[in-house]
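K.L.:
Would you mind keeping the following structure in view while I ask a few things?
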Amino acid sequence: MTALTLDGVATATQVKLELTERVRALAAQGIVPGLGTLLVGADPGSLSYVAGKHRDCAEVGIESIRIDLPGSATTADVRAAIADLNAAREVTGYIIQLPLPVGHNENAMLELMDPAKDADGLHPTNLGRLVLGIEGELTSPLPCTPAGIVELLRRYDVPIAGKNVVVIGRGLTVGRPLGLLFTRKGLDATVTLTHSRTVDLAAEVRRADIVVAAVGQPHLVQADWIKPGAAVLDVGITRVENPETGKGQLTGDVHPDVASVAGYLSPNPRGVGPMTRAMLLANVVKASERLLKS
Ligand SMILES: Nc1nc2c(c(=O)[nH]1)N[C@@H](CN(C=O)c1ccc(C(=O)N[C@@H](CCC(=O)O)C(=O)O)cc1)CN2
C-alpha cells in the first residue's frame, strides 16, 4: 500500500480561490479586510513565515500591514505595538508571530490583543470559546494549524467521527487546541494528547486512526507504529544538515517509510504548512464577514 498524499499546496490553492471570491464580495459592500503582523527579532524561520503571510494576502486581495521590531525591543515596545494594532482602523485582524524572543512573556502579550482582531485564535477569550464549544465560524477564529489539519482531512473525505486520534505534542499553536477541536460536537473524535512524558508513545500511536505529529523531532514516528490505513499528518519540521551535501534540509516528524503503511499521509513540507497559511486568510475574511453581520 502507498498512502494517498494529503496535498496541502493544492488544497490551500483551492481554499485561496474560494477566499478571493469572498474578498471580492466584501469589497462590493465597502469592506476591505486587512491583516496586521507583529514580528519581534530576526529569526529566519519567522521572517520567512511573516513574508509568506503578506504574499498570501496580496494573492487573495487582503490588505496587509507589517510591524517589525528589533530583537532588542523591550516589553514596553511590544505592548505599544499591540496597542497600535488594536487601534488601527485598517487592521481588521492581526497576529503576533511566535515564538517571541526569549525574555518576552507570550501569554501576557497574547492577552493584550483585542480578541475581535485576533486572527490566530490564540487570545484566551477565543481559546475559551473553543473550550466552551461555541461554534467558531460566526463567533470566533480557530487556531490556524488545527483548523488547517481538519480542513485537509475534510477535503479528502477522511472519516473523523468516532475515530481514535493521537496527537503528539501539546504546544499552544497545534497540539493543545487541536485536541479540543477534534472532540467538538460535529467532529466527535476520541483524542489522546501525548507529550514528552508519555510512557509508551509507540503503543498509543498504534491504536490511532489519525496521527498528528507536532513535536519537531525528525523521523520520530516510525512505520511499525502505524495502524494500516491510518491517516498521518506530519506537522513538526526541523532543518537537518545533509551529511553528503552539507546543506540544511527540512525534515518532518514522520519517517518516509510510514507511506507504505498509512492510508493517507500529509507530506512535510507541502502538507499542513500551506493549510496553516490558508486558514489565517480564512480567519481574516471571516472576521470581516462578522463585522458585516454585526
Ligand atoms: N502567531 C503564530 N505563530 C506561529 C504559527 C501560527 O500559526 N501563528 N505557526 C508556526 C509558524 N507558521 C506560521 O506562523 C508557519 C509554519 C510553516 C508554514 C509552511 O508553509 N511551511 C512550509 C515549509 C516552510 C519552509 O520551506 O521553511 C510547508 O510546510 O510546506 C507556514 C506557516 C509557528 N508560529
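K.L.:
Among the numbered criteria (1) surrounded by 15 or more Cβ atoms within 10 Å (Cβ to Cβ); (2) within 13 Å of the ligand (Cβ to nearest atom); (3) more than 15 Å from the chain's Cα centre (by Cα), which single criterion is violated by ASN268?
P.N.:
Going through the list (1) surrounded by 15 or more Cβ atoms within 10 Å (Cβ to Cβ); (2) within 13 Å of the ligand (Cβ to nearest atom); (3) more than 15 Å from the chain's Cα centre (by Cα), ASN268 breaks only (3).
K.L.:
Residues that are under 14 Å from the mean Cα position of the chain (by Cα), within 25 Å of LEU98 (Cβ to Cβ) and free of Cβ contacts under 8 Å to residues at least 40 places away in the same chain: does the stretch 126-149 have at least one?
P.N.:
Taking every residue of the stretch 126-149 in turn, at least one turns out to be under 14 Å from the mean Cα position of the chain (by Cα), within 25 Å of LEU98 (Cβ to Cβ) and free of Cβ contacts under 8 Å to residues at least 40 places away in the same chain.
K.L.:
Looking at (1) in contact (Cβ under 8 Å) with a residue 24 or more places away in the chain; (2) under 17 Å from VAL212 (Cα atoms), can you tell me which one ASP157 breaks?
P.N.:
The failed condition is (1).
K.L.:
May I ask you to list the residues in the stretch 242-294 that are at pLDDT below 95, touching a Leu at 6+ places or on another chain (Cβ under 7 Å) and among the small types (Gly, Ala, Ser)?
P.N.:
Passing the criteria: only SER288.
K.L.:
Which ones in the stretch 117-168 are surrounded by fewer than 24 Cβ atoms within 10 Å (Cβ to Cβ) and on the phi > 0 side of the Ramachandran plot?
P.N.:
GLY133, ASP157, GLY162
K.L.:
Oh, and also: Determine which member of the set VAL165, VAL174, VAL199 is under 14 Å from the mean Cα position of the chain (by Cα) and at pLDDT 95 or above.
P.N.:
VAL174
K.L.:
Of the residues in the stretch 66-81, how many are β-branched (Val, Ile, Thr) and either surrounded by fewer than 18 Cβ atoms within 10 Å (Cβ to Cβ) or within 13 Å of the ligand (Cβ to nearest atom) (or both)? Write out each step before concluding.
P.N.:
Going through the stretch 66-81, the residues β-branched (Val, Ile, Thr) turn out to be 67, 74-75, 78.
Of the ones still in play, those that are also either surrounded by fewer than 18 Cβ atoms within 10 Å (Cβ to Cβ) or within 13 Å of the ligand (Cβ to nearest atom) (or both) are 74-75.
Number of matching residues: 2.
K.L.:
Could you check how many residues of the stretch 243-265 are within 16 Å of the ligand (Cβ to nearest atom) and surrounded by 19 or more Cβ atoms within 10 Å (Cβ to Cβ)?
P.N.:
Summing the residues that are within 16 Å of the ligand (Cβ to nearest atom) and surrounded by 19 or more Cβ atoms within 10 Å (Cβ to Cβ) in the stretch 243-265 gives 5.
K.L.:
Return the residues of the stretch 216-242 that are β-branched (Val, Ile, Thr) and buried (at least 23 other Cβ atoms within 10 Å of the Cβ); say none if nothing qualifies.
P.N.:
Passing the criteria: VAL221, ILE226, VAL232, VAL235.
The values are calculated or read from the model by the stated rules, or taken from the named source; none is laboratory data. If you're wondering where the values come from, they're calculated on a predicted model, not measured in any experiment. Heads up, the Cβs are rebuilt from the backbone with ideal geometry, glycines too, and the neighbour counts pull from every protein chain shown.
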